[in-house]
Amino acid sequence: MRYILSGGGTGGHIYPALAIGEEIKKQDETAKILYVGKKGSLEEELATKYGFEFQGIDISGLPRKKLNKETIVTMFDLFKGLNQAGKILKKFKPNIVIGTGGYVCAPIVYKAQQYNIKTVVQEQNAYPGKTNRILARKADLVFINFKEAEEYLNNKNIIYVGNPIRDDFTHIDREKSRRKLGISESEKFVFSFGGSGGQESTNDAMIEILNKYDELPFKLVHVTGREHYDYFMEKVEKLPKGVEVFDYTHHVSDYLSSADLVIASSSAMTLAEISAVGLCTILIPKAYTAGNHQYYNAMSYYNMGASEVIEEKDLDGEILYSHINDLLEDDDRRNTMAKNSKKLASPGAVSEIVDIMTK
């Protein structure tokens, strides 16, 4: 069997594609897999790191409603991307094309549907993005994580299975990860990140905390996002002992498995990985996401007793620091929240997706 994977723009679209690719390889070592995405992108970096052949196309997003110069450039890139996608399909000859969202998967999945190649769409969120809403109409299968997504997707073959997670998160060893990262068992460790692109509101709150305290009563690793790193480091006067700041990390699974507390935005894939490990969290939903879906994602965890939630409009350094200390000082509450988080995991989702898809 020959497969094309596509999804990009953010880790939330890329990681499910990688997870599906890993599972395909696990079930069929002879499978041929090609990842198609934007040239010079995060998906190219990650697909290559995970050992998948990558083919880049030119694409800069779906057309906007208002006609302007940027829209004309976007339209030009879209037609160029469709042409490139057609050539890739003719050369690679896939049996199935899988799209996991983000505008980068539009040309290859759309063109595959025109050529009557089987297509699969995987939607991570309760409120699907524009690309998946369009592509789902003619997809042969649509896999969803939240049942609420079904009302936005016009397809009779929708299957509720949960989000696919990478193999990294199914073989967690806390002691080994902490030794690898140099964290002693007696230390409380907090891992903070705002998704693959970072989160400005969380960065600003962290800047406040780091500038106010010369020393923190816990070890902290904070990931700013590549676009925000230089600004963050300019604003921080001095990093307290035991604090590390990165622009991006390929070792999220190690940090999550080592953490006593995680601070994160609430994309569906972030939550899937957090639940796979089983962690107490402070969730800060990004307010500008489509349909405000991160808020609803976060509240589903809050209502299950798995997380504290701070909305961006209420967030500052003092509030965040208070929440961190309250949770780190209450082991019983933190452990209960971690167990509740684990209950929300879907460990078999990726194998079920590949089983159904290949049959």
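The values are calculated or read from the model by the stated rules, or taken from the named source; none is laboratory data. Here the structure is a predicted model, which means the values were calculated and not measured. When we count neighbours, we look across all protein chains shown, and the Cβ atoms used for this are built from the backbone with ideal geometry, even at glycine.
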Task: Failed item in (1) in a loop (DSSP other than H, G, I, E, B); (2) over 18 Å from the mean Cα position of the chain (by Cα); (3) of a type outside the set (S, T, N, Q), with G197 passing the rest - done: (2)
Task: Close pairs (8 angstrom Cβ cut-off, 6 or more residues apart or separate chains): assigned by TED's automatic domain parsing to the domain that holds A136 and among the small types (G, A, S) in the stretch 105-122, modelled with pLDDT under 95 and not in a helix (DSSP H, G or I) anywhere - done: A106/I59; A106/L62
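Select, from H323, H250, the only residue that is under 24 Å from P164 (Cβ atoms), surrounded by fewer than 21 Cβ atoms within 10 Å (Cβ to Cβ) and either within 15 Å of the chain's Cα centre (by Cα) or not aliphatic (A, V, I, L, M) (or both).
One residue alone meets the criteria, H250.
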Task: Matching residues, the stretch 301-325, being assigned to a helix (DSSP H, G or I) and in contact (Cβ under 8 Å) with a residue 24 or more places away in the chain - done: Y301, E312, K313, G317, E318, I319, L320, Y321, H323, I324, N325
TODO: Collect the residues in the stretch 290-299 that are buried (at least 18 other Cβ atoms within 10 Å of the Cβ) and in contact (Cβ under 8 Å) with a residue 60 or more places away in the chain, keeping them in residue-number order.
DONE: H293, N297
- [ ] Evaluate the stretch 24-38: report whether one residue or more is aliphatic (A, V, I, L, M), modelled with pLDDT under 80 and surrounded by fewer than 23 Cβ atoms within 10 Å (Cβ to Cβ).
- [x] no
- [ ] Check the stretch 279-288 and report whether any residue there is farther than 27 Å from K343 by Cβ, surrounded by fewer than 21 Cβ atoms within 10 Å (Cβ to Cβ), in contact with a helix residue (DSSP H, G or I) (Cβ under 6 Å, 6 or more places away or on another chain) and among the hydroxyl-bearing types (S, T, Y).
- [x] no
- [ ] Kindly provide the set of residues from the stretch 118-143 that are under 14 Å from I356 (Cβ atoms) and of a type in the set (A, V, I, L, M), ordered by number.
- [x] V120, V121, A139, L141, V142
- [ ] Scan the stretch 137-149 and give yes if some residue there is at pLDDT below 95, farther than 26 Å from L82 by Cα and among the charged types (D, E, K, R), otherwise no.
- [x] yes
Open item on the list: Checking the structure you have, find out if any residue of the stretch 241-251 is of a type in the set (S, T, N, Q), outside any helix (DSSP H, G or I), under 25 Å from E44 (Cβ atoms) and out of contact with any Asp or Glu (no Cβ under 7 Å at 6 or more places or on another chain).
Closed with: yes
- [ ] Go through the stretch 82-104 and give me each residue that's buried (at least 24 other Cβ atoms within 10 Å of the Cβ), modelled with pLDDT under 95 and out of contact with any Lys or Arg (no Cβ under 6 Å at 6 or more places or on another chain).
- [x] G101, G102
